[in-house]
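Just so you know, all these numbers are worked out from the coordinates, no wet-lab data involved. None of the values given here were measured: they were computed from a predicted structure. Positions of Cβ are backbone-derived with ideal geometry, glycine not excepted, and every protein chain shown enters the neighbour counts.
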Amino acid sequence: MKRLFTRYRFWAIVAAFVLGITGAAAQAATAATTPPAAPATTSAKLADLQSGKVALRVGTDATFPPFEFTDANGEKMGFDVDLVRALAAKAGIKNVEFTQMPFGNIVPALQANQIDLGASAIYISAERAKAIDFSDVYYPGGLSIFVADSNTAINSLADLAGKKVAVQVGTKSVAWLEQNQPKAELVQVQTNDQMFTSVKLGQADAVVTGQPGGRYFIHQQGGLKQVGDRLTNENYGYAFQKGDTDIKDAFNKALTDLKGDGGYDKLTEQWFGDVASASTEPAKAHSLINISSITNSADQLWRGLVTTMEIIGMSLVLSLGFGMLGGFAKLSKILPLRWLGTAYVSVIRGTPFIVQLFLIYFGLPQLGVQLQPMVAGVLALGLYSGSYVTEIFRGAVQSVDKGQMEAARSCGMSSAAALRHVIIPQAFLRMLPPLGNEFVSLTKNSALVSFVTISELFLVGQSIISRTFDALTVYLFIGLVYYILTNIIGFVANTLEKKLAVYI
């Protein structure tokens with residue numbers, strides 16, 4: 001009877017720990033959750049924006065100069081940024097907050113109520129209008145072909161057949177080429193600078209993108225030329241959530257007023273006046289390695305590094321918690337708990353981390369659970385790493401000789417006491433080497449949370465590249481930082497292993 005009591009007391013403690021972790025996570029998620037739904041009416045939402053009660057949340061991919069990019073301090077700048085601020089001021093909106101995100105995430109973020117407005121040189125199209133609403137045209141756009149200066153083989157759209165064409169994921173270029181030049185081999189990249197760099201490096205034969213952005217790159221970097229005239233005459237518009245008609249109408253009226261008082265012309269001249277002469281002005285010379293790309297953005301990189309360290313630290317603790325719970329579940333003699341542990345490991349380890357991240361950040365809002373980017377990123381990393389820690393924990397416990405438990409029980413210890421004082425300490429020592437490897441993997445995977453708008457080191461680096469077009473220097477620096485971080489983790493794990501090896 002006493003043995004039965006101690007066994008149930010042990011599992012009661014485990015259950016309490018599970019409930020405690022779950023409750024704490026739920027409380028943290030609730031505290032960090034943005035408003036799960038829009039206000040009751042759009043007019044009430046606009047009133048809140050105009051009163052300053054809430055800020056207008058603007059999603060942008062700040063890697064597309066001159067429309068949107070960042071300066072050396074990490075501040076958003078560009079034509080879209082200035083125009084949105086000017087339109088918001090005319091509409092009476094007090095506060096505007098810009099959020100960096102990949103271009104392809106802007107529409108899902110609007111649908112998930114993560115942002116109120118998308119401002120990232122977005123082409124107005126009937127297909128996109130099915131999911132979001134557009135403002136009036138604020139700038140004429142149109143796709144163009146760009147090739148290397150030395151390229152004489154591509155002179156028209158027809159010449160792209162069989163050629164590698166770089167395009168940015170989620171942009172109009174992708175769908176347009178698939179329809180109008182299906183024989184082209186599309187090379188889809190994440191950022192604007194990657195498109196042009198791929199041509200300069202010979203990884204693609206041409207770029208198809210918006211004419212203003214392409215001409216700006218030529219003006220800044222050189223090495224490319226535009227082929228022919230514009231392929232299309234699409235125009236740029238700002239994207240809104242379906243049903244936010246009052247906010248959209250307020251922006252349309254503000255745009256009309258700004259064009260009427262000359263403010264719009266001043267902005268276009270400021271950001272596009274020099275681009276008009278891009279083909280005649282010499283490009284700026286750049287060396288292969290530019291230390292100034294790092295030193296001029298030191299503050300921005302430091303903030304990104306601090307955010308990365310926070311993500312790694314919180315995810316590490318969470319992965320240990322999930323790993324211990326999953327390990328106890330898989331070792332449990334209670335069948336439902338064992339099934340639950342097995343399912344957790346099977347599902348999480350059997351699906352890509354990026355899919356889990358997007359599901360948590362973009363999928364859960366459709367179920368009424370809306371998490372802040374940091375919470376979603378840390379939770380996804382913790383769950384993913386925890387599934388591997390689960391197997392590490394289970395394997396370590398089972399590697400301890402069964403005679404250890406029998407000896408402890410023969411000395412009068414309960415099962416729970418033997419597990420706590422005899423089995424777990426020995427298992428912990430065996431866990432150290434694989435845990436060190438797993439935490440190194442977690443550190444490297446932390447760069448992927450940049451896809452849900454967390455301004456960690458990798459995302460900051462991409463923003464710097466969009467401004468400097470110096471991918472080699474920036475990526476070498478980021479790689480060096482991660483190399484140092486992973487080696488520190490490895491050193492700590494090896495030191496602990498050597499110090500504690502005498503107890504095995």
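Between Val369 and Val492, full extension at 0.36 nm per residue minus the direct alpha carbon distance yields a gain of 40.5 nm.
Using only the Cα atoms of the chain, each taken as one equal point scatterer with no solvent, compute I(q) by the Debye sum, divide by I(0), and report log10 of the ratio at q = 0.08, 0.10, 0.12 Å⁻¹. Log10 I(q)/I(0), no solvent term: -0.61, -0.87, -1.12. Can you give me the span-like helices of the chain, meaning DSSP H runs with 24 Å or more of Cα extent along the axis and Kyte-Doolittle mean at or above -0.5? Span-like helices in the chain: 2-32, 298-331, 373-399, 424-445, 471-500.
Working note: Debye formula, equal point scatterers on the alpha-carbon atoms of segment 125-275, no solvent; log10 I(q)/I(0) at q = 0.10, 0.19 Å⁻¹ is -0.41, -1.14. Over all directions, the projected convex hull of the C-alpha atoms in segment 150-200 averages 3.5 nm² in area.
FRET efficiency for the pair Lys402 and Lys444, taken as 1/(1 + (r/R0)^6) with r the Cβ-Cβ distance and R0 = 35 Å, rounds to 0.40. I need to check one value: relative contact order of segment 297-503, counting alpha carbon pairs closer than 8 Å and at least 6 residues apart, in percent. Worked out over segment 297-503, it gives 27 percent.
Full extension of the segment from Leu288 to Lys499, taken as 0.36 nm per residue of separation minus the current Cα-Cα distance, would add 71.5 nm. Between Glu310 and Gln50, the FRET efficiency estimated from the beta carbon spacing at R0 = 60 angstrom works out to 0.95. Model label sites at Glu178 and Ser150, defined 7 Å from Cα along the beta-carbon direction, differ in position by 3.4 nm. Each peptide in 224-235, 467-478 gets a packing score, the mean of other Cβ atoms within 10 Å over its residues, and the list from highest to lowest is 467-478, 224-235. The value obtained for segment 287-426, namely the Cα convex hull volume divided by the number of residues, is 181 Å³ per residue. Cross-link reach is defined here as a Cα-Cα straight distance under 27 Å, omitting same-chain residues fewer than 8 places apart; for Lys402 the lysines meeting it are Lys2, Lys330, Lys333, Lys498, Lys499.
Restricting segment 293-346 to trypsin sites (Lys or Arg not before Pro) that sit in a DSSP loop and have at most 16 other Cβ atoms within 10 Å of their own Cβ leaves Lys333.
Compared with the rule-of-thumb size 2.2 N^0.38 Å for a compact globular protein, segment 49-103 has a Cα radius of gyration ratio of 1.13. Remark: Phe451, Phe272, Phe328 ranked as Phe272, Phe451, Phe328, counting other beta-carbon atoms within 10 Å and listing the fewest first. Gain on full extension, evaluated as 0.36 nm per residue between Ala89 and Ile354 minus their Cα-Cα distance, stands at 91.7 nm.
Taking amide H positions as modeled 1.01 Å from N, with prolines and chain starts lacking one, the residues under 5 Å from Phe67 and 5 or more places away or on another chain are Phe79.
What you get for the chain, charging only the Cβ of Lys and Arg (+1) and of Asp and Glu (-1), is a dipole of about 2700 debye around the Cα centre. In loop segments of segment 413-460 as defined by DSSP, there are no trypsin sites (Lys or Arg not before Pro) with at most 14 further C-beta atoms inside 10 Å of their C-beta.
For segment 326-391, the fraction of C-alpha pairs farther apart than 21 angstrom is 32 percent.
Charged neighbours of Ala129, selected by a Cβ distance under 14 Å, balance to 0 (K, R count +1; D, E count -1).
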